[in-house]
Every structure is written in C-alpha cells, then in structure tokens.
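Report on one structure; see the data block that follows.
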Amino acid sequence: MGRRNGYRGVFMRGGTSKAIIFREKDIPSDPAERHAMFLKVMGSPDPAKRQLDGLGGGMSSLSKVCIVESSSRDDADVDYTFAQIPVAGTTVDYSANCGNMSSAIGPFAVEEGIVASCNGEAEVRIFNTNTKKIIVSRFAVEDGRPKVEGDFVNPGVAGTGSPIRLDFIEPGGAATGRLLPTGSVIDTFEHPELPGPVRASVIDATNLIVFVLAQDLGCDATETPDRMEADATLMHRLEVIRRIASARAGLAPDFDAAASIEGNPKIGIVGPSRDYIQTTGVAVAAEEYDVSVRMLSMGQAHRAIPLTAALCTAVAARVDGTAVAAMARVPASVDMPLRIGHSSGVLPAVARVGAEFDNTWIAHSAGVFRTAKRLMEGIIYA
C-alpha cells in the first residue's frame, strides 16, 4: 500500500479558534480534491463528533482551515480564504470569514516570509476572499518574528499574550452586499414551531448575524453553552429562526435551502447586562459590561463569542432600533468600546457607523484586539 498524500501546513490558534493554515501553493488546485483533503485532515465526517482521525477538536471553533498566499491586489499584502469544516457532515462552507482566525493571518504571513517585516509594529493588509473585505492587522515584532508573549488577556484563552489589533474596513455587506439585508433594523419572525412572534435584527457586518431578543424565547442571554445545547427545544427554535432569516436576507432561496448553508448566518441571543457566571466559574457583575450575547453556529453554542460576531455586535449597537441597540448601554463616544458579555468573559469592540442623508446606515470600520500563537508546523497526512 502506497504512502498517503502529505501536505505542509501550520497549526495555529487565532483568538478563541484553531485551524490548519496552508499556503495556496502547497495544496491541490482541484476544488473537489481540496475539499476531500480538508475533510480528511480534520477527521470529518465523524458521527461521534470527536474527529479522532484528524486534527479537529470536535466543535465548530476547532474545525477550520485557512489558505494564505501573496496577493496581487494593490490594497492587500496577502489573500486569505477561510473554510469551515463540519464535524459530522461533509459540506465545506466558504460562505463566511472567521474573525478569530483572521488574527493569525498577519503573524503567519510574516513567519512564512510572505510579508517582510522589521522589528517594531508590523502592518499586514489582508484581503479576505470569502467576504471580499480588507482587514488591517497590526502586531509587535521582535527579532524578526511576531511577538507572542505579553500581558493582554484574550477572554476564553488561558494566560496572556501579545495583542493583535484587527481593523475591518467597510465591513458592511460582507455576505449579502447590504448592512441591513432585510431592509429593516428589526424584523418579526413567525413560524408554527416558534412560541409566538419573535423579534430579531439581521445585520451583515464582517459576517451575517441574526440577533434574537432573548426575552422572546424565554431566555436572558446569560445561559451557558452546555445549558443551551441541552435545551433541544431552544436549539431547534434558533435553527428555525436562522433559516427564516437566511431566506429573508437573500442568502438562501427559501427556508429548506437554508439548511444546506450551515455556517451562515450565525445566530445569537441578546439581552441586557446582568450578573452571570463564566464557564470558568468566575462571576461577572452587570456593571462590568454593556450587553449580553450568546452565539451559535453549525448547530453548536460557542464557548466564547466569535470575533466577527463581536464586531457585528458593535456595529449593530450603533444602528438605532436594532435588537442590540435596544438591549445595550451604548457608549456615548464612538472611541469607547462596547463591552460584550459572553460565556467566557467580556470582550470590548469598537465600530464607526453613520447614517447617510437618505437614512441609509453605513459601517465605516470595526475593530478589536486578539492574540494568536503558532502551535505546530509540518506535514499533515490525508
């Protein structure tokens, strides 16, 4: 029996996610062959949801692939494509970006020699091919390599690290071409499988997110991931809302077709700040944050808020009338971050949003800090 195919890759943590990062030149060019390879290296599909036969971690935030190469664009240094790999399924999803893994792309580009950098602050301009958006990554470099050690706390990640600032330029319309893809700041969803009319805001900024008012589902948005996943009725209702929103936003042609686009849109429940307990057992007081959000994607509750969801939350808070704006204590100054309470702590995010003369909302930028770490490199076998 011949030796299996091997591909050079780097295993990295970016924010609260992990992924295998490949250079474009090191993987198959044929889409079908590439698709099959991604599934194999992550250990999918696995009905037991453990991905023991690959590098996946049994949940959506740990089952990801990134592809990076030098960019031919004048406004970017590297092109970056994100692939969400299902744990139990076989459909590789390219419909959205991963903000957490975006934080690893700049350091990866410097360490790989794709982007030259000297000591001090590096700036890497990243073109995300999924959303057709530019992300500017800034981070410290020491001895020619991205700095890893530091005192910045990335909620959801043990220890501390060197901060990476990510600025998403003109993030609106990443998936649908419109910041408000349904044309409304808030929509009412009705379906036989819902408890009654449910209010939600569909916001497309860095990623397409459906923000559901927790109170309409009998929640308060401080639930733990385990509690959410144990509530089959709640999880089903959120999936129904997600599919309705997908069709209403024009991402899928209809409710049934939305089932095949598992990674987009993501869905979250939002509520006002109140005392809660993190997954680590640490207490968080209501006055320590401004709005409570619990996110889901790929049928699983996130242990920490995805970076793109945090950025989208910050944008939504600046749009009058949205579910987020209604629940949040929005800082008076745009330079003050919105403090988002999630399962693993509090994450600050900033956004600059404006209303044009015709009452059209425009997201100019959104920013956040993260950390990243190169964990392993070598030949990955499929």
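Taken together, the values in this text are just the output of simple stated rules run on the coordinates, not laboratory data. A quick note: this is a predicted structure, and the numbers were derived from the prediction, not measured. Cβ coordinates were reconstructed from backbone atoms using ideal geometry, including for glycine residues, and neighbour counts include every protein chain displayed.
Per-residue ellipticity at 222 nm for the chain, helices alone: DSSP H runs ≥ 4 residues times -39500 (n - 2.57), over residue total, nearest 500 deg cm²/dmol?
On the way: 6 runs with 64 residues, N = 382.
For the chain, the value works out to -5000 deg cm²/dmol.
How far is it, in nm, from the label point at Asp151 to the one at Thr224 when both lie 7 Å from their Cα along the line to the Cβ?
3.2
Can you check what the net charge comes to around Val334, using other residues whose Cβ is under 15 Å from the Cβ of Val334 (Lys, Arg +1; Asp, Glu -1)?
0
For each of Glu223, Glu142, count neighbouring Cβ atoms within 10 Å of the residue's Cβ, then give the residues from fewest to most. Display every interim value, and only then the final one.
Values: Glu223 21, Glu142 12.
Final ranking by Cβ density, sparse to dense: Glu142, Glu223.
Pulled fully out, how much extra length does the chain show between Val282 and Ala355, if you take 0.36 nm times their separation in residues and subtract their Cα-Cα distance? Intermediate results must be reported in sequence, preceding the final value.
Values: separation 73, 0.36 × 73 = 26.28 nm, distance 3.90 nm.
Gain on extension, Val282 to Ala355, equals 22.4 nm.
Can you pull out the GluC sites (Glu not before Pro) in segment 276-382 whose DSSP state is coil and whose Cβ has at most 10 other Cβ atoms within 10 Å? Write down the numbers at each step before the final one.
Details: sites: Glu287, Glu288, Glu356, Glu377; in loops: Glu356.
Answer in residue order: Glu356.
What is the gain in length, in nm to one decimal, between Cys118 and Ile379 on full extension, counting 0.36 nm per residue of separation less the C-alpha to C-alpha distance? Write out the running numbers ahead of the final one.
Details: separation 261, 0.36 × 261 = 93.96 nm, distance 2.85 nm.
Here the answer is 91.1 nm.
Please give, to one decimal in nm, the separation of the simple spin-label points placed at Ala232 and Arg199, each 7 Å out from Cα toward the Cβ.
3.2
Cut-off under 14 Å on the C-alpha distance; same-chain residues fewer than 8 positions from Lys40 excluded. Which aspartates and glutamates are left, in chain and number order?
List returned: Asp53.
Taking the Cβ of Val141 as the centre, find all other residues whose Cβ is under 9 Å away and add up their charges (Lys, Arg: +1; Asp, Glu: -1).
Around Val141, the surrounding residues sum to -1.
Restricting things to Cα coordinates, could you compute the convex hull volume per residue of segment 187-355 in Å³? Mind showing how you got there, number by number?
Working: hull volume 17.0 nm³, N = 169.
Normalising the Cα hull of segment 187-355 by residue number yields 101 Å³.
Excluding Ser260 itself, what net charge comes from residues whose Cβ is under 12 Å from its Cβ, given Lys and Arg +1 and Asp and Glu -1?
Combined, the nearby Lys, Arg, Asp and Glu give -3.
Hey, fewest Cβ within 10 Å first, where do Cys66, Cys312 land in order?
Values: Cys66 24, Cys312 36.
Neighbour counts put them in this order, fewest first: Cys66, Cys312.
Under a cut-off of 24 Å between alpha-carbon atoms, report the lysines in cross-link reach of Lys147, not counting same-chain residues fewer than 8 places apart.
Lys18, Lys64, Lys373
As an exercise, identify the trypsin sites (Lys or Arg not before Pro) in segment 90-165 lying in DSSP coil whose Cβ has no more than 14 other Cβ atoms within 10 Å.
On the way: sites: Arg125, Lys132, Lys133, Arg138, Lys147, Arg165; in loops: Lys132, Lys147.
Filter output for segment 90-165: Lys132.
Alpha carbon centre of segment 50-108 versus segment 169-188: separation in Å?
Centre-to-centre (Cα) distance: 23 Å.
Taking the beta-carbon count within 10 Å as an exposure proxy, list His236, His191, His302 from fewest neighbours to most. If you can, show how the numbers build up before the last one.
On the way: His236 12, His191 15, His302 26.
Taking fewest neighbouring Cβ atoms as first place, the list is His236, His191, His302.
Give me the one-decimal nm value for the distance between modelled label points at His191 and Lys49, 7 Å along each residue's Cα-to-Cβ direction.
Once both label points are built, they end up 1.9 nm from each other.
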